[in-house]
Each structure stands twice: as structure tokens, then as C-alpha cells.
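Here is the structure we will look at.
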Amino acid sequence: MSAPAPGDRVAYAAAFLKNTGQFTGSGPQRRGTFVKVWESNPDFGRVKWDDFEANAPALALHWGEDYVADAREHGQLVHIKNIAKVGSARFALTCAGA
């Protein structure tokens, strides 16, 4: 499995959502734009989520302002296996290969 290309629209992968019990709520609805693979560890990538600003205050309380500033500038770090290109087989819950 390769990383999405920069600029690809991504969401959490169906298998990740299923394995973490996220069938409702904001997780399955979350969409973002893939920025790049993280230089420090290619298992992770940077995603600029569409709903980041709405979540920023809670993220700041939990992780601190430095985290929010970094994520705002570069995108949030997400494990590549946990995201999928919107519309791909890994994106669809009904796909046997998810």
C-alpha cells in the first residue's frame, strides 16, 4: 500500500473506522487533503483536515498550542494505513479488501 499523493482528498480508511468502532459521529465524515509523507518516518503523513479549525481549541487543551501551530502550518500527523483516498477501495466499508 502506498501513500496518497500530495493534494489527494483523504478520509479515514474503512478498516480503521471498523476496528476502532467508529460507525457514527465525526470520524467517518472527516475529510481532508493529503499534504506529504512525514520526513522523519514514512509510515506517517501530514493531512490538513477540513474541520481542523473547529477542533483546534480542544486540541490545544489536550496537546498544547505548539501542537496546534505545527498542525495548522504543516497538517496533522496520521498513520498512512489509517487513511484512504476518497473513493478508493480502502475508503468503502462494503469492500472485502478494506
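The values are calculated or read from the model by the stated rules, or taken from the named source; none is laboratory data. These numbers come from a predicted model, not from an experiment. Note that each Cβ is placed from the backbone with ideal geometry, even for glycine, and that neighbours are counted across all protein chains shown.
Observations, loosely collected:
- Output for the stretch 1-52, where each listed residue is among the hydroxyl-bearing types (Ser, Thr, Tyr) and at pLDDT below 95: Ser2, Tyr12, Thr20, Thr24, Ser26
- Selection from the stretch 1-31 of residues that are touching a Gly at 6+ places or on another chain (Cβ under 8 Å) and surrounded by 13 or more Cβ atoms within 10 Å (Cβ to Cβ): Ala3, Pro4, Arg9, Val10, Ala11, Tyr12, Leu17
- Within the stretch 71-91, being under 16 Å from Asp50 (Cα atoms) and not in a loop (DSSP other than H, G, I, E, B) holds for Ala71, Arg72, Glu73, His74, Gln76, Leu77, Val78, Ile83, Ala84, Lys85.
- Residues of the stretch 12-45 that turn out to be β-branched (Val, Ile, Thr) and over 13 Å from Lys85 (Cα atoms), as a count: 3
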